[in-house]
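First comes the structure, then the notes that go with it.
The values are calculated or read from the model by the stated rules, or taken from the named source; none is laboratory data. Every value quoted in this text rests on a predicted model; they were computed, and no experiment measured them. Ligands, DNA and RNA are stripped out before the accessible areas are found, and what is left, the full protein with its side chains, is counted by its heavy atoms. Shrake-Rupley method; radii C 1.70, N 1.55, O 1.52, S 1.80 Å.
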Amino acid sequence: NLFSTNLYGIYSQSGFLPGFGQTIIDNDFFVKEDCRPDVSSFSERGIYLRDLGVVGDPRRIEGNTITLEGGTTGILGIANNESVIFDNIINWADIKEYPYPSRGIDLRFGERPTVERNLVEGLAQPDYEGVDGFVFRLVDQPNILCNAVDNVNDGMRFEGINNNTDLIANDFYDAGTGLRLGDGEVDAIIGQQGSVTENIQNGNECLVT
């Protein structure tokens, strides 16, 4: 499927009862700037997953390509439990000025997501302003494996308590900051990642060109 939108490509919201989960696979999204004069929420997103209840539905987001043409976020997940975000590509064709940077994958709250083999690639520009790769805020036990990020301000940023984070075999290419803990206002905890030697064995690499 192909989605060309100036708000949400796919908006999925669950209620207060557990459901059966969802799969969003092999789609192309082009997310444009919302130019309506009465809109100021900066909410143009490729895939928006929102759970209202205590128990979030597990979802699988796989094989999608999301191009932000002035849109703010590739994939936004709020309070999703055990979701899998796998093998997606998020890139920018245009960057607009917003109060905060545009984001490739942004997860908030929720438990035990798996974020694996995704590529987030910004535009080559001075200081990589206006674009962040991956953002995790108050996510418990995230598994973050084999992702790559390039040409962004923050390659991967954690905000608040993200206990028991598994950060394994991720590649950080050109970025203002590869891995950032905290956003200047909120500190961050991701759990013990081992010694420098053990972290190298985990395979995270900074590959600045």
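A few comments on the model shown:
- Heavy-atom accessible surface of the stretch 52-183: percent carbon and sulfur, 1.4 Å: 47
- For the stretch 118-196, the equivalent ellipsoid built from the Cα gyration tensor has semi-axes of 21, 15, 10 Å, listed from largest to smallest.
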